[in-house]
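Just so it is clear, none of the values below were taken in a lab; they were calculated from the coordinates. Everything quoted here is computed from the prediction, not taken from an experiment. Counting neighbours? That spans all protein chains shown, and the Cβs are built from the backbone with ideal geometry, glycine included.
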Amino acid sequence: MSQPSQYTRHTRQEPKHPRRRAIRHHPSLRWIDAKFVHRPRVYLVQALAAGMALMAILVAEVAITNGAVVAAIASPVAIVFFVPHSVASSPFRIIGGHLSAIAAGLCTVGMMVLMPDSVASNQWIIHALQGLSVALVILFMTISNTEHAPAAGTALGLSISMPRDSVIFVVSAAVIIALVRALLFRRLHNLI
């Protein structure tokens, strides 16, 4: 009898949980991301952590301001928990991008203040200032190397009025998001 050669093919081992494997690879579930199918716990934990982080920001900031500004702050939370290891979710870009958005909003609000009320209340002028605000934030972020796409939403929310509460909310929320990312960085996984 000959001994099996060291070059023979090894037989495939049976999975530990064949039923779970069969469910994960069922044809009707092909529309679900393969990473999620293999690691659902990571996705669920990070999604819950994102919701809790946003809730903590909203609770810490008692004075919820402009709805557009609050919605714009939800985007960086999503980026930090979707792709925490990407350049876009770095603390420098989160904070810098939102500071660029505040600067862009200051420019457009300053222009609006200089206009007569009859001109400033014109819907076309308002839309032009909103578009200018987004253009300015893109320019400011590019110049300062703080590209952070969700800051464009912040600039849009601050483009025609900039209450002090909104500015404080944006800055403190950006700092909180950056701190959360820095604290949880090693535990978070890129989900995309």
Worksheet entry | Vicinal HN-Hα couplings computed from phi for the range 167-178 (Karplus, 6.51 cos²θ - 1.76 cosθ + 1.60; Hz; Gly/Pro x) | 5, 4, 4, 4, 5, 5, 5, 4, 5, 5, 4, 5
Worksheet item: Along the range 148-162, what does the Karplus equation 6.51 cos²θ - 1.76 cosθ + 1.60 (θ = phi - 60°) give for ³J(HN,Hα), rounded to whole Hz, x for Gly and Pro?
Response: 8, 3, x, 5, 5, x, 5, 4, 5, x, 9, 6, 10, 8, 9
Discussion item. Could you compute the net charge surrounding ILE79? Neighbours are other residues with a C-beta less than 15 Å from the C-beta of ILE79; K and R count +1, D and E count -1.
Written reply: +1
Item to complete: Would you mind computing Rg(Cα) / (2.2 N^0.38 Å) for the range 99-169, counting N as its residues?
Response: 1.06
Item to complete: Kindly state, as a whole number, the per residue volume in cubic angstrom of the convex hull around the alpha carbon atoms of the range 19-184.
Response: 132 Å³
